[in-house]
Amino acid sequence: MILRIALFTTAILFVSSSFLTFADSSSSSTTTTTDSSNAKIVECPVSGKAPDTFALCATATCWTLDGVAYCKCEVMNEESISISFDYEENGKSKNVCDLLLEGVPNGYTVSTYATPRQVETDYDPKVEKLGPPMGYYTCDTRSGTQAYGAQCDGGLCFKSTQGKEFPGLGYIKENEIVCSCPPTLSNSPGFQIAGPWKCKPGDANENNQCCDQSYYNDMCGVTSVKTTGTVLAVNAPIGTARVLSAKLDGKPARFNACRFQ
């Protein structure tokens, strides 16, 4: 229990350095930017009858331009979880759940989190047909070399990208969407990303036979995002996905896992 609380705190601290700015200089409405350092975790939608569309970026890879990562994410319709990202607009207190609702008629959505079925040990690719199985890779930065990933919780995603080609990401299907996410430099002891799983879901990963060493080297070793076209994976601090999944799903999370020494 102590470990779970510590990991959950780590997840909050990781995204607490993020800021969301929602401003339109051509509009008479005013929106203030809120530091999320005191943010809480929320589950959306608040009402069971409300729309539940969001973007799931946990397994996404991204392409960078001018210091911004553009990530090909999945469009989902189910309950999700996120840092609340509290802000005020026209005197009203709002958070990420309000953004999700307002995005439905206005051509955008927000990246929040739900458990990706592809990384779970009981995923059935033949029945569920969500693509090949995946696993969570632990990128170890304890040696002192920090690396970049894309932090997508709270990222804005625009429906205008669907059904079109996008630079560096190729064709965006109707059930996909491009989200803009800030690249983040990892802190020790490291971070986790989703990547290929070469075995059946739930198989014992003896000697990392189920994991891709080249993918690990490439995605865990991005030390600069200055070059246009740098490819990143969406990341989170070690253990964050497990804690958020357990909170959202109400049961312990069981993931395919890769860890190289």
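The values are calculated or read from the model by the stated rules, or taken from the named source; none is laboratory data. Keep in mind it's a predicted model, so treat the numbers as computed, not measured. Counting neighbours? That spans all protein chains shown, and the Cβs are built from the backbone with ideal geometry, glycine included.
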Next item on the list: Six or more apart or on different chains, Cβ under 6 Å: which pairs go from a residue in the range 154-166 that's among the basic types (Lys, Arg) to one that's surrounded by fewer than 17 Cβ atoms within 10 Å (Cβ to Cβ) and at pLDDT 95 or above? Could you list them?
Entry: Lys159/Gly107
Checklist line | Check on Val119, under 27 Å from Tyr137 (Cβ atoms) and either modelled with pLDDT of 95 or more or among the hydroxyl-bearing types (Ser, Thr, Tyr) (or both) | finding: yes
Next item on the list: Filter the range 93-104 for residues that are in a helix (DSSP H, G or I) and either exposed (fewer than 15 other Cβ atoms within 10 Å of the Cβ) or not hydrophobic (A, V, I, L, M, F, W, C) (or both) and give the result.
Entry: Asp98, Glu102, Gly103
Note to self: Among the residues of the range 44-63, are any farther than 22 Å from Tyr148 by Cβ, part of a strand (DSSP E or B), under 14 Å from the mean Cα position of the chain (by Cα) and in contact (Cβ under 8 Å) with a residue 60 or more places away in the chain?
What the structure shows: yes
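Conditions (1) out of contact with any Phe, Trp or Tyr (no Cβ under 6 Å at 6 or more places or on another chain); (2) in a loop (DSSP other than H, G, I, E, B), marked per residue:
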| position | (1), (2) |
| --- | --- |
| Asn106 | yes, yes |
| Gly135 | no, no |
| Asp203 | yes, yes |
| Asp218 | yes, no |
Next item on the list: Specify the residue that is surrounded by the most Cβ atoms within 10 Å (Cβ to Cβ); the eligible residues are those in the range 186-201 that are assigned to a loop (DSSP other than H, G, I, E, B) and modelled with pLDDT of 95 or more.
Entry: Trp197
